[in-house]
Every structure is written in structure tokens, then in C-alpha cells.
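The values are calculated or read from the model by the stated rules, or taken from the named source; none is laboratory data. Keep in mind that this is a model prediction, so the values were computed, not measured. Neighbour counts are summed over all protein chains in view; Cβ atoms, including those assigned to glycine, are modelled from backbone coordinates with ideal geometry.
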């Protein structure tokens, strides 16, 4: 694992480096499949011995899959806390996995586009990531991984209920699609609550950058489907594409409306944010999130120099605490943390 964490801050999944479809609004699309073993209790009911047995067996079987054969088997219990948090900052590991590392595992494909979590809430959680808004491409990636899995692992399945899962919300296909959307236009015109309430009524969940329990920062919203029972994967994906496609359209319209209403105020906001990041000597994570959000908005409106969406995605991740600490090789206090973050951002924006 030493090879994996060597230069980790520069080791990025494709969604952090590439501009996918609708990248002015969508940072990434993720597909997750939940699978469980028929002969073991769910992780929250399993004994320590059972969890260790599942971990060892699943690590061995998953390592044989083409998706992971040349990838990384991350032994979570052997990692330092900062390394686990850095994996979460790149969205490669969940908070549950990071906070309870014992008898948990994580496998990653070589390019970090696919992941398998072992003994999280379920025995297996498979993930596939694509840049931008690409539900169909993400579905194809996760279903190809599921086909590989079926050659190695028998999953708990009921002809009546579908795939059996620890949480009833995942029962059925076990498919959860998520998109990470940047929605500053809807926030600033005061329409975001109306839109989010409409999504909730349509059985979508709305969370922050790191999913369940996380706060929204920098106008970044993670939106996921909730219904997995009684619908096949194609129906779930089509519904997801239609409704979130509308959100992307609303966001673009809100940005135009915002600029038409107060172009001077918007220009001032985005240029001030650039100036802050180009000159600050100490900056908090919240201010960095806000300034990067404003700059992303300014670039999309043509008010600032063109910056690749992937570079802004990388800065959004790299300015977070675990990445800063890995880069400098030590734990950082509040003031040192703010100074290290400012130096990272200043190096890019001052240039």
C-alpha cells in the first residue's frame, strides 16, 4: 500500500481530472450496487470472526475480477486515520467505512473509476464513477462490474423482493445513482428550496458533498434516487436522467437570470473571490469552498479566464484537511491548516 499513497494527492479518479457531459453544472455521476452473501448475517449483526471471514474471502475473490486485478486492495485496518480521511475526501470511501475501519476493506481499480467496499452497511457495495452528468455510461460501468462479480460470488436474492439488503431502501435492484451538482444559480436566486422539495416529492434524496449527514458546502449538492424496489435498472436510470436533466436546465436558466438581474454584483463577487484565493495567507475550508464555487460560476458565465472544470474539482478536494496533511507530511493546527490551504490555492490563482 505504500505505492498507493505515494504522491496520493496527485492520484486522481477521472471525474476529478476530466470534463464530462454538462460539466458546467455536474462534477460527477456515481452508480452504487448493494450485494450481500446468503450465508452470513448483515455486518451490523455479524460477529468479529464472521466479519474477518467475509473480509478475507471477499478480498480474495474481488482481486480476481478483471476490474480489480491490477488495482489496489486497501487494507483499511492498516491505514493511518489521515489516509482513510483522504480516501473519503476523494469520495472513494464512505464515512461509515472511514470511522469503523476494523474488519472493513476497500478495493479500487487502477484508474480509481470503480470501487468495492467490504463490510460497510452491507457485505459488498460496488461503485462506479464517471465525470460530468452521465447516468447511462455510469450504469454500463457498474453493470459490467456486477457481471464480473456474478462469476465469483453468489448474492442473497429473493424471487419476490430482489437483492436482499441491510436497509429496506436498497431492496430490489440495490441500485443507487447519484450526481454531484453545483447549483449556485438556484441558491442565489432563492429557488433552491423549491427545487429540492420537488425532488424529495419525486423520491430523490438531497445531501452534501460527502453524502448522508454531511452539510452542503460551496453550493455542491449530491442528489440520489431513493426507489430501488419494483423498478429495473433501466427504468431507474431513465427516471434519474430526466429529472436531474431538468435540474441542470433550471440551474443554467437561474445563472442567466442572476447575471441579467445584477451583472455588476455578480462580476464583483467572482472577481473578489479570485483575488482572495490569489492573495490570502490564511483561509478556512468554508471560505475556500465558497470562493471556488464563485469562481466556478464566473468561469461558466465567461467572466473569468477559462479554467478546466477538472482543475477546479482537484482544488476543491486538495484544499481539504487530510490532503493538506498528507502533502506536508504532518498534522496541521488551525492556523497552520489555513496557511497551508492558502498557499495551495495562491500558487494556482496568483499564476
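(1) part of a loop (DSSP other than H, G, I, E, B); (2) free of Cβ contacts under 8 Å to residues at least 60 places away in the same chain; (3) under 27 Å from the mean Cα position of the chain (by Cα): which one isn't true of residue 283, the others all being true?
Failed condition: (2).
Can you tell me which residue in segment 212-226 is farthest from residue 296 (Cα to Cα), limited to those that are touching a helix residue (DSSP H, G or I) at 6+ places or on another chain (Cβ under 8 Å) and surrounded by fewer than 17 Cβ atoms within 10 Å (Cβ to Cβ)?
The residue in question is 226.
Here's the yes/no breakdown for (1) crowded, with 16+ Cβ neighbours inside 10 Å; (2) within 22 Å of residue 13 (Cβ to Cβ); (3) at pLDDT 95 or above:
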site	(1), (2), (3)
298	yes, no, yes
301	yes, no, yes
322	yes, yes, yes
327	yes, yes, no
334	no, no, no
338	yes, no, yes
342	yes, no, yes
345	yes, yes, yes
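Scan 127, 123 and give me the residue that is in contact with a helix residue (DSSP H, G or I) (Cβ under 7 Å, 6 or more places away or on another chain) and either in the same structural domain as residue 33 (by TED's automatic domain parsing) or within 20 Å of residue 171 (Cα to Cα) (or both).
Going through 127, 123 in turn, the sole match is 123.
Residue check: is residue 56 more than 24 Å from the chain's Cα centre (by Cα) and within 21 Å of residue 92 (Cα to Cα)?
Against the criterion (more than 24 Å from the chain's Cα centre (by Cα) and within 21 Å of residue 92 (Cα to Cα)), residue 56 qualifies.
Given (1) more than 29 Å from residue 247 (Cα to Cα); (2) at pLDDT 95 or above, where does residue 79 come up short, assuming only one miss?
(2)
Among the residues of segment 300-316 satisfying the criterion of being in contact with a helix residue (DSSP H, G or I) (Cβ under 8 Å, 6 or more places away or on another chain) and without any contact (Cβ under 8 Å) to a residue 24 or more places away in the chain, which is nearest to residue 219 (Cα to Cα)?
Applying the filter and picking the extreme gives 312.
Please verify whether residue 251 is touching a strand residue (DSSP E or B) at 6+ places or on another chain (Cβ under 9 Å) and at pLDDT 95 or above, treating the condition exactly as stated.
Here the answer is yes, as residue 251 does meet what is asked.
Would you point out which residue out of 175, 107, 91 is in the same structural domain as residue 216 (by TED's automatic domain parsing), at pLDDT 95 or above, within 18 Å of the chain's Cα centre (by Cα) and closer than 30 Å to residue 251 by Cα?
Just a single option satisfies the conditions, and that option is 175.
Just a yes or no: is a residue in segment 42-57 exposed (fewer than 15 other Cβ atoms within 10 Å of the Cβ) and touching a residue at least 60 places away in the same chain (Cβ under 8 Å)?
Yes: segment 42-57 contains one or more residues that are exposed (fewer than 15 other Cβ atoms within 10 Å of the Cβ) and touching a residue at least 60 places away in the same chain (Cβ under 8 Å).
Can you find a residue in segment 250-262 that is within 25 Å of residue 34 (Cβ to Cβ), surrounded by 18 or more Cβ atoms within 10 Å (Cβ to Cβ) and within 21 Å of the chain's Cα centre (by Cα)?
no
Any residue at all in segment 188-210 that's in contact (Cβ under 8 Å) with a residue 60 or more places away in the chain, more than 23 Å from residue 106 (Cβ to Cβ) and either surrounded by 18 or more Cβ atoms within 10 Å (Cβ to Cβ) or touching a strand residue (DSSP E or B) at 6+ places or on another chain (Cβ under 7 Å) (or both)?
Among the residues of segment 188-210, at least one is in contact (Cβ under 8 Å) with a residue 60 or more places away in the chain, more than 23 Å from residue 106 (Cβ to Cβ) and either surrounded by 18 or more Cβ atoms within 10 Å (Cβ to Cβ) or touching a strand residue (DSSP E or B) at 6+ places or on another chain (Cβ under 7 Å) (or both), which makes the answer yes.
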